[in-house]
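J.: Starting off with a structure, shown below.
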Amino acid sequence: MNLIKIICTGFLALVFSGLSAQENPLWMRYPAISPDGKTIAFCYKGDIFLVSSEGGRATQLTTHPAYDSRPVWSPDGKTIAFTSARDEGLNLYTVPVSGGTPTRLTYYSGSEIPVCFTPDGKEILYRSNVMPDAEYGQFPSGGQVYKISVDGGRPEQFLTFDAFDINFNKKGDKIIYHDYKGYEDNWRKHHKSSVCRDIWIHDLKSGEFTNLTNKQVEDRNPVFADNDENIYFLSERFGDFNVCKMSLKNPSDIKQITKHSKHPVRFLSSSEDGLLCYFFNGEIYTLQPGKQPKKLAVDIIADNTESPIAKMNWNRGASEMALSPDGKEFAFIVRGDVYVANAEYGTTKRITNTATQERSVEFSPDGRSLVYAGERNGHWNIYVARIKDKDDKSFAYAKEIEEEQITKGTNACFQPSFSPDGKEIAYLENRTEIKVINLKSKKSRTVLPAKYNYSYQDGDQWYQWSPDGRWILAKYFEHGGWQHNDIALVKADGSGEIHNLTNSGYSDQNPKWMMNGKAIIWSTDRQGMRSHGSWGAQYDIYALFLDPEAWDEFRMNKEELALHKEIKELQKRKEAEEKAKAEKKQEKKGDKADKAGISWKDLTNLVLALTYHTLPV
């Protein structure tokens, strides 16, 4: 098949005039107050701006089309360090507060995020993942902290682990920071677990580390205060993220300072005289201890550097793909929208055009419908797009496409899949419950209850219709918890009939049908090294034959299979009579075999390892 380069052209309308004046701009992120407390730097639409700590008109400091973010002040208040994507990756730059051309300090292809200047102003600390410490035994997926001269040069490792929002005391011999113990989303709210972030203090002279919070609640973003006797930090221990105060003499003495609700407080910083600055619900606030928070009125007047209409060519970035039944076209997702392209000529048609994302696209068996999940009006639901004109034969050349919303409700519904006859759609509800909806009656039924699965992140569930549409193959856990999945064969009619096909006590996953429903394959770590925690296991591919005859044929060599086919051809006339007699006999003795040919007896004897070299997953 020829390699096809698909170029999708879209037009994005930008509703701005040549000169943009915004009196109430929102999402002024990463605000950082200057050491003298007079100016606040912040990120807005990918550029760095400055505004008085009293509010007013903001001044644009950077104007590059690339994304600039995370401003950090030098101790003398004359320089700002920031990260920028202007030269591939995210590298470290500095720029005078008075303006000018930024100076590039780092040349790494990954990400480098500035944290703070050293107290003498000669070096900048930043986070990156360059040289993990082989002896570091905690969470392995984080980065490290490095320091580099403000004049550039060779970076040095400052800490062998990831430390966020580092803040020096006045003497410069201690730092406070919050840690990183697990890969929970940084923006997740009300997270409570053993990997919640804690506030630490580190004595740079003695090397001692002290956990100041040590609680299963999110504590972040500490800053020294009151001559280093207290710290302010952000915490959810009283509900929503708010500013809290802790005495370093008595770390258990923690008081809530702000009383914001519904939305989290983010990005706390402090001036030398103790004026606090933070972000809440898209806007910037200041707080003088002992007084009420003050929301800043910020005006942004800046030239619009973007064209009102942008022509964009995409030849990469597709997140998923589905081939049509006839192989003549394929659907794919780019930038959260559904497209269909002709497989030979590359002619492409846009199916959805929404501000929110679509995903999990799949063709119907007749190729005239597409099913996908869409997040609209704040909820995930299932949608079907159909070719409207019966004379149109493909999506790529269809004159009109009509869309129908299939599920309607507040429960998240996604990862849909057409039944083999195209009359029903299976999908996940609330992440783990497998349900089936009839497209004609719009009635849905539960096939596999939610209690049999656990979802940690998007895309970690798997199921598949059987070729005859009577069964659904899925991963699930019956014993041993979510880290030790088995493979289930579930009746698609909603009767609740579930067969554990593996029941191994190991981790079995990613099951798929093969040989037209006569067997399944899956991956398992039963022969490899087991995982430490939840990663690092070694897997092999196994097959389970649901039909004893298919098992026998699979194990035959080429000569044996040829002879076997000849014998089957000779017995073809007798086969129908023998099959009818066998079915009557089974009805008298009890259901030993499914009508579709599945033999439930001694399935464990029909298991075969397809690979003999364990592979890490």
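The values are calculated or read from the model by the stated rules, or taken from the named source; none is laboratory data. Keep in mind it's a predicted model, so treat the numbers as computed, not measured. In this analysis, Cβ positions are derived from the backbone assuming ideal geometry, glycine residues included, and neighbour counts consider all displayed protein chains. Side chains included, ligands, DNA and RNA excluded: accessible areas come from the protein's heavy atoms. Shrake-Rupley method; radii C 1.70, N 1.55, O 1.52, S 1.80 Å.
J.: Which number in (1) more than 24 Å from Lys579 (Cβ to Cβ); (2) open to solvent by less than 50 Å² (accessible area, probe 1.4 Å); (3) at pLDDT 90 or above marks the one condition that Ala519 misses?
T.: If we test Ala519 against (1) more than 24 Å from Lys579 (Cβ to Cβ); (2) open to solvent by less than 50 Å² (accessible area, probe 1.4 Å); (3) at pLDDT 90 or above, just (1) comes out false.
J.: Same structure, new question: When segment 88-97 is examined, which residues are found to be modelled with pLDDT under 95, in a loop (DSSP other than H, G, I, E, B) and either open to solvent by less than 40 Å² (accessible area, probe 1.4 Å) or not charged (D, E, K, R) (or both)?
T.: Gly89
J.: Separate question: If we scan segment 170-187, do we find a residue that is aromatic (Phe, Trp, Tyr), under 22 Å from Glu123 (Cα atoms) and surrounded by 13 or more Cβ atoms within 10 Å (Cβ to Cβ)?
T.: Pass one, segment 170-187, residues aromatic (Phe, Trp, Tyr): 177, 180, 183, 187.
Subset that is under 22 Å from Glu123 (Cα atoms): 177.
After this cut, where a residue has to be surrounded by 13 or more Cβ atoms within 10 Å (Cβ to Cβ) as well, the list is 177.
Scanning segment 170-187, I find at least one residue that is aromatic (Phe, Trp, Tyr), under 22 Å from Glu123 (Cα atoms) and surrounded by 13 or more Cβ atoms within 10 Å (Cβ to Cβ), so the answer is yes.
J.: State all residues of segment 424-457 that are over 22 Å from the mean Cα position of the chain (by Cα) and either open to solvent by less than 20 Å² (accessible area, probe 1.4 Å) or under 26 Å from Asn503 (Cβ atoms) (or both); if no residue qualifies, say none.
T.: Listed by number, the residues that qualify are Ile425, Ala426, Lys435, Val436, Ile437, Arg445, Thr446, Val447, Leu448, Pro449, Lys451, Tyr452.
J.: Also, I was wondering about something else. Does Pro365 meet the test of being touching a strand residue (DSSP E or B) at 6+ places or on another chain (Cβ under 9 Å), under 26 Å from Lys440 (Cα atoms) and not acidic (Asp, Glu)?
T.: It is true that Pro365 is touching a strand residue (DSSP E or B) at 6+ places or on another chain (Cβ under 9 Å), under 26 Å from Lys440 (Cα atoms) and not acidic (Asp, Glu).
J.: Regarding Lys349, is this residue free of Cβ contacts under 8 Å to residues at least 60 places away in the same chain and basic (Lys, Arg)? Explain how you work it out, then say what you get.
T.: Working: free of Cβ contacts under 8 Å to residues at least 60 places away in the same chain: yes; basic (Lys, Arg): yes.
For Lys349, the condition - free of Cβ contacts under 8 Å to residues at least 60 places away in the same chain and basic (Lys, Arg) - is met.
J.: Same structure again: Filter segment 217-271 down to residues that are open to solvent by less than 20 Å² (accessible area, probe 1.4 Å), aromatic (Phe, Trp, Tyr) and assigned to a strand (DSSP E or B), then give me how many there are.
T.: 2
J.: Could we say that Ile498 is touching a residue at least 60 places away in the same chain (Cβ under 8 Å) and over 30 Å from Glu375 (Cβ atoms) here?
T.: In short, no.
J.: Anything in segment 362-412 that is without any contact (Cβ under 8 Å) to a residue 24 or more places away in the chain, open to solvent by 70 Å² or more (accessible area, probe 1.4 Å), more than 18 Å from Gly422 (Cβ to Cβ) and of a type in the set (D, E, K, R)? List them, or say none.
T.: Answer for segment 362-412, where residues must be without any contact (Cβ under 8 Å) to a residue 24 or more places away in the chain, open to solvent by 70 Å² or more (accessible area, probe 1.4 Å), more than 18 Å from Gly422 (Cβ to Cβ) and of a type in the set (D, E, K, R): Asp391, Lys399, Glu400.
J.: Right, another one. Can you tell me how many residues within segment 458-480 are free of Cβ contacts under 8 Å to residues at least 60 places away in the same chain and open to solvent by 30 Å² or more (accessible area, probe 1.4 Å)?
T.: Matching residues across segment 458-480 total 10.
J.: For Gly110, are the conditions met, namely being surrounded by fewer than 22 Cβ atoms within 10 Å (Cβ to Cβ), within 31 Å of the chain's Cα centre (by Cα) and at positive phi?
T.: Against the criterion (surrounded by fewer than 22 Cβ atoms within 10 Å (Cβ to Cβ), within 31 Å of the chain's Cα centre (by Cα) and at positive phi), Gly110 does not qualify.
J.: Additional query: If a residue has to be hydrophobic (A, V, I, L, M, F, W, C) and within 30 Å of His64 (Cβ to Cβ) to count, how many in segment 246-274 make the cut? Break it down into steps so the answer makes sense when it comes.
T.: First pass over segment 246-274, keeping only residues hydrophobic (A, V, I, L, M, F, W, C): 246, 248, 254, 257, 265, 267-268.
Right, trim to within 30 Å of His64 (Cβ to Cβ) and you get 265, 267-268.
Result for segment 246-274: 3.
J.: Only one of Ala58, Ala85 is surrounded by fewer than 20 Cβ atoms within 10 Å (Cβ to Cβ), hydrophobic (A, V, I, L, M, F, W, C) and farther than 19 Å from Val150 by Cβ. Can you tell me which?
T.: Just one listed residue meets the conditions, Ala85.
J.: Given the structure, is Leu50 touching a residue at least 40 places away in the same chain (Cβ under 8 Å), out of contact with any His (no Cβ under 7 Å at 6 or more places or on another chain) and crowded, with 17+ Cβ neighbours inside 10 Å? Quick ask: steps written out before the conclusion?
T.: Details: touching a residue at least 40 places away in the same chain (Cβ under 8 Å): yes; out of contact with any His (no Cβ under 7 Å at 6 or more places or on another chain): yes; crowded, with 17+ Cβ neighbours inside 10 Å: yes.
Yes, satisfied.
J.: Return the residue satisfying two criteria in turn: it lies in segment 304-340 and is in a strand (DSSP E or B) and acidic (Asp, Glu), and of such residues it is surrounded by the most Cβ atoms within 10 Å (Cβ to Cβ).
T.: Glu329
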